[in-house]
């Protein structure tokens with residue numbers, strides 16, 4: 001969680017991760033040393049720093065791991081680091097300096113996307129679809145009807161075609177993903193190395 005020992009700039013960023021991007025507070029933390037694959041993630045972040053000005057391949061990441069392994073917390077850390085890298089996302093005030101952050105980023109649980117489809121919130125889905133940086137949490141937790149799943153497939157295909165930066169978590173194991181690849185268009189897209197980098201989180205649940 002965010003602690004009282006962080007400087008004001010870090011607190012502003014964590015505030016943005018929670019309030020503006022939409023991450024639940026329980027996923028916020030101040031100790032990146034807890035991340036078992038931190039080095040690989042940092043390398044990936046550095047490779048994406050120029051993505052806004054110079055679109056490139058491999059702009060999506062899939063984080064696979066068991067329930068409670070810290071996937072969502074890792075997403076929050078990635079969001080923090082991206083905002084930290086792009087200081088132009090700060091909103092400046094002539095008297096108070098950096099007072100807020102408005103990054104073009106959004107956190108969304110995949111189950112909430114399916115709920116939008118069921119509720120026919122077409123305009124909202126279209127708006128989210130074009131979000132410059134999107135964090136999609138918990139793909140595979142629920143298996144909805146064919147229609148909303150087809151909508152999600154189209155959603156992912158759009159972000160792939162537009163080369164939009166997308167981070168996705170799933171508790172589906174790599175072995176299971178490989179087995180489902182032939183019948184699941186979304187998972188098949190995950191295996192496209194021109195778009196997606198896959199990170200595997202191992203270990204037991206960190207939840208108490």
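The values are calculated or read from the model by the stated rules, or taken from the named source; none is laboratory data. Please read these numbers as outputs of a predicted model, since none were measured by experiment. Glycine also receives a Cβ, built like all others from the backbone with ideal geometry; neighbour counts cover every protein chain displayed.
Of note:
- Residue check for residue 170: in contact with a helix residue (DSSP H, G or I) (Cβ under 9 Å, 6 or more places away or on another chain) and either surrounded by 17 or more Cβ atoms within 10 Å (Cβ to Cβ) or in contact (Cβ under 8 Å) with a residue 40 or more places away in the chain (or both): yes
- At least 2 residues being within 16 Å of the chain's Cα centre (by Cα) and farther than 26 Å from residue 115 by Cβ is the threshold, and among the helices (runs of 4 or more DSSP H) wholly inside segment 146-208 not one reaches it.
- Segment 121-144 - residue that is part of a loop (DSSP other than H, G, I, E, B) and out of contact with any strand residue (DSSP E or B) (no Cβ under 9 Å at 6 or more places or on another chain) and, of those, modelled with the highest pLDDT: 121
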